[in-house]
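Colleague: Once you've had a glance at the structure underneath, I'll fire off some questions.
Rule-based calculations on the coordinates, nothing more; no lab input. If you're wondering where the values come from, they're calculated on a predicted model, not measured in any experiment. In this analysis, Cβ positions are derived from the backbone assuming ideal geometry, glycine residues included, and neighbour counts consider all displayed protein chains.
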Amino acid sequence: MTLRKSTRKSVIEQSKLLDSIGTVEMEREVQKQVLTVAKKISAAMSEKTGVEASMNEGEMKDYVELVIKELRSK
């Protein structure tokens, strides 16, 4: 019985760890993909209009992180 409890506890703890690792990796991948698309759109807009985007890469990253945090809180 003690072995089963210990095993169960360990599995639960490990699954939480894997979940958090998976979530972080997924967020990084989303951020990478969104930034790639945002850069392409920004370049296309700049080429068409001659006006540079108002957000730089750092600001785009910050905004993506903000959106991810908002989604997590819902």
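Colleague: Counting each DSSP H run of 4 or more residues in the chain as -39500 (n - 2.57), what helix-only mean residue ellipticity at 222 nm follows after dividing by all residues, to the nearest 500 deg cm²/dmol?
Modeller: Per the formula, -32000 deg cm²/dmol.
Colleague: In debye, nearest 20, what is the charge dipole magnitude of the chain about its Cα centre with +1 on Lys and Arg Cβ and -1 on Asp and Glu Cβ, if you could check?
Modeller: 660
Colleague: Note down the net charge around Val64, summing +1 for each Lys or Arg and -1 for each Asp or Glu among other residues with Cβ under 14 Å from its Cβ.
Modeller: -1
Colleague: Mind checking the angle between helix 2-49 and the chain's longest principal axis? C-alpha axes, 0 to 90 degrees, to the nearest 10.
Modeller: Tilt of helix 2-49: around 0 degrees.
Colleague: Given 0.36 nm per residue, what is the gain on full extension from Lys5 to Leu18 after removing their alpha carbon distance, in nm?
Modeller: Full-extension gain reported as 2.7 nm.
Colleague: Tell me the label-point distance for the pair Arg72, Val30, using the 7 Å Cα-to-Cβ offset, in nm and rounded to one decimal.
Modeller: According to this spin-label approximation, the distance is 1.0 nm.
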